[in-house]
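Undergrad: Pasting a structure below so you can have a look.
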């Protein structure tokens, strides 16, 4: 029998998926999260995590039961609005909670979950995701669906929330997490770090990085920029990341104001296959530091994600090109600005390579298997360059600044970007045809001659 809500309606269980076919088992329905408060105690030597998550949410329907994503950790206690939940079930990556009574639609409620275990990355079609041990410390890389390896959550980008992350760990280790460091206290051999992220954040962008790191200040304009890295990397790092402050100034001019209070780069003592973005943070491996600026395009790419992906977050993973195509085009803009190949030359080079690869990828709906395919990155970037060629430089960059301003800290879709681009065009039909050719068809269009124009200078 389904319980009746106090207002007379019938309370139903919330959905146990967000309904996103790219991550069909992730996310949940019936509520939206307002904030996460995570209180974590971590022992590096034994990889032992003990946590308490306080999740504040608002129901979108009358609920008799709801669920969170949580993988590989053991739940010991659950309470709802301060009362112990009479029933909860944790299996197959889902924590199902039955409160003591139904919760009305539109009602705020608070859930406390106590849990512990040895966190490990979760297997996925894109490799292992989430909390992972390093030689000395921890890296958390969750895109797109690894957040549930270290805290109970509504693991889908469409449900952004505020965060408070407290981490207590062994004192020799330095902790980096999202937001502003509001306190740091050492007692005996352990240090507690507390971070506050006031801007809405998707679960996959939440992170904790732990290592034996030194902290280096890189610049203060237009925002504070820091790095956390092993002391052995300091010399080469200064060469590899020395132009990052100039990048940040350029992107702030082209894309609009930097969307967060600070920017931190972490370099692990371990090699990483690829760098990764988190909100206000980018993480690189030791292999990305060579003293010769060998990974500078990736420095630009990860920085650009602070606008495209972190502040402006896709409503569904189908629109991942809005993250990766934009970040790839930022690489080319930096190359053009800094004296390398122009964006037009980068387009020609990328197009030539794409022409020799299989034509089986539709950028506007790549499918989960191909959502991180390099062809999506490059073809998305070429699409933006074609749009720039049609609109002209001034309208194009004003379009980007309008895009980031209208949707700052919000959710975005491809359809919204197309509609906005049409507002800046003399011929909206031509823009729709451009998007259809480059994004909606598998066949690679030919490059128009206009692509080979003179380089832009900032």
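The values are calculated or read from the model by the stated rules, or taken from the named source; none is laboratory data. Keep in mind the model is a prediction, meaning the values are calculated, not measured. Ideal geometry is used to build each Cβ from the backbone, glycine not excepted, and the neighbour counts take in all protein chains shown.
Undergrad: Looking at the structure I just gave you, is residue 418 out of contact with any helix residue (DSSP H, G or I) (no Cβ under 6 Å at 6 or more places or on another chain), within 26 Å of residue 306 (Cα to Cα), at pLDDT 95 or above and surrounded by fewer than 20 Cβ atoms within 10 Å (Cβ to Cβ)? Don't jump to the end; show me each part of the working.
TA: Values: out of contact with any helix residue (DSSP H, G or I) (no Cβ under 6 Å at 6 or more places or on another chain): no; within 26 Å of residue 306 (Cα to Cα): yes; at pLDDT 95 or above: yes; surrounded by fewer than 20 Cβ atoms within 10 Å (Cβ to Cβ): yes.
No: the conditions fail for residue 418.
Undergrad: Please determine, by comparing only the residues of segment 277-301 that are touching a strand residue (DSSP E or B) at 6+ places or on another chain (Cβ under 7 Å) and assigned to a strand (DSSP E or B), which one is farthest from residue 180 (Cα to Cα).
TA: Once the filter is applied, the top-ranked residue is 284.
Undergrad: Looking at 350, 330, 304, 343 in this structure, which one is surrounded by 20 or more Cβ atoms within 10 Å (Cβ to Cβ), in contact with a strand residue (DSSP E or B) (Cβ under 8 Å, 6 or more places away or on another chain) and closer than 12 Å to residue 381 by Cβ? Show your work before the answer.
TA: Values: 350 fails: in contact with a strand residue (DSSP E or B) (Cβ under 8 Å, 6 or more places away or on another chain); 304 fails: in contact with a strand residue (DSSP E or B) (Cβ under 8 Å, 6 or more places away or on another chain); 343 fails: in contact with a strand residue (DSSP E or B) (Cβ under 8 Å, 6 or more places away or on another chain).
When all the criteria are applied, what remains is 330.
Undergrad: Quick one: would you say residue 251 is farther than 28 Å from residue 39 by Cβ and in contact (Cβ under 8 Å) with a residue 60 or more places away in the chain? Let's see the steps before the verdict.
TA: On the way: farther than 28 Å from residue 39 by Cβ: yes; in contact (Cβ under 8 Å) with a residue 60 or more places away in the chain: yes.
Yes: the conditions hold for residue 251.
Undergrad: Which condition from (1) within 29 Å of residue 244 (Cβ to Cβ); (2) in contact with a helix residue (DSSP H, G or I) (Cβ under 8 Å, 6 or more places away or on another chain) is the one that residue 374 breaks?
TA: Of (1) within 29 Å of residue 244 (Cβ to Cβ); (2) in contact with a helix residue (DSSP H, G or I) (Cβ under 8 Å, 6 or more places away or on another chain), only one is false for residue 374: (2).
Undergrad: For the list (1) touching a residue at least 60 places away in the same chain (Cβ under 8 Å); (2) assigned to a strand (DSSP E or B); (3) over 25 Å from residue 158 (Cα atoms), I need the number of the one condition that residue 35 fails.
TA: (3)
Undergrad: Now for a separate question. Can you tell me how many residues within segment 204-241 are surrounded by fewer than 20 Cβ atoms within 10 Å (Cβ to Cβ), assigned to a loop (DSSP other than H, G, I, E, B) and modelled with pLDDT of 95 or more? Working first, answer last.
TA: Step one: list which residues in segment 204-241 are surrounded by fewer than 20 Cβ atoms within 10 Å (Cβ to Cβ), which gives 212, 214-224, 226, 230-232, 234-236, 238-239.
Those left that are additionally assigned to a loop (DSSP other than H, G, I, E, B): 212, 220-223, 230.
Subsequent filtering for residues that are modelled with pLDDT of 95 or more retains 212, 223, 230.
The total comes to 3.
Undergrad: Residues that are within 30 Å of residue 161 (Cα to Cα) and in contact (Cβ under 8 Å) with a residue 24 or more places away in the chain, at least 1 per element: which helices (runs of 4 or more DSSP H) completely within segment 312-393 meet that?
TA: On the way: elements: 321-337, 343-355, 374-391.
The helices (runs of 4 or more DSSP H) meeting that bar are 321-337, 374-391.
Undergrad: Let me ask something additional. One residue is enough: does segment 396-408 have a residue meeting the conditions buried (at least 17 other Cβ atoms within 10 Å of the Cβ), in contact (Cβ under 8 Å) with a residue 12 or more places away in the chain and farther than 27 Å from residue 261 by Cα?
TA: Scanning segment 396-408, I find no residue that is buried (at least 17 other Cβ atoms within 10 Å of the Cβ), in contact (Cβ under 8 Å) with a residue 12 or more places away in the chain and farther than 27 Å from residue 261 by Cα, so the answer is no.
Undergrad: When segment 421-446 is examined, which residues are found to be surrounded by fewer than 18 Cβ atoms within 10 Å (Cβ to Cβ) and assigned to a helix (DSSP H, G or I)?
TA: Residues satisfying the conditions are 422, 423, 428, 429, 430, 432, 433, 436, 437.
Undergrad: Among the residues of segment 353-369, write down those that are surrounded by fewer than 16 Cβ atoms within 10 Å (Cβ to Cβ) and touching a helix residue (DSSP H, G or I) at 6+ places or on another chain (Cβ under 7 Å).
TA: 357
Undergrad: Continuing with the same structure: Answer yes or no as to whether residue 179 is at pLDDT 95 or above, in the same structural domain as residue 27 (by TED's automatic domain parsing), surrounded by fewer than 22 Cβ atoms within 10 Å (Cβ to Cβ) and farther than 26 Å from residue 22 by Cβ. Steps first, answer last, please.
TA: Working: at pLDDT 95 or above: yes; in the same structural domain as residue 27 (by TED's automatic domain parsing): yes; surrounded by fewer than 22 Cβ atoms within 10 Å (Cβ to Cβ): no; farther than 26 Å from residue 22 by Cβ: yes.
Criteria not met by residue 179.
Undergrad: Select from segment 165-203 the residues that are touching a helix residue (DSSP H, G or I) at 6+ places or on another chain (Cβ under 8 Å) and either farther than 20 Å from residue 147 by Cβ or assigned to a loop (DSSP other than H, G, I, E, B) (or both) and list them in ascending order.
TA: Here is the first cut: in segment 165-203, the residues touching a helix residue (DSSP H, G or I) at 6+ places or on another chain (Cβ under 8 Å) are 178, 203.
Scanning segment 165-203 gives a single hit, 178.
Undergrad: Output the residues belonging to segment 267-276 that are touching a strand residue (DSSP E or B) at 6+ places or on another chain (Cβ under 8 Å) and either under 15 Å from residue 305 (Cα atoms) or not in a strand (DSSP E or B) (or both).
TA: Restricting attention to segment 267-276, the residues satisfying the condition of being touching a strand residue (DSSP E or B) at 6+ places or on another chain (Cβ under 8 Å) are 267-270, 272, 275-276.
Passing the criteria: 268, 269, 270, 272, 275, 276.
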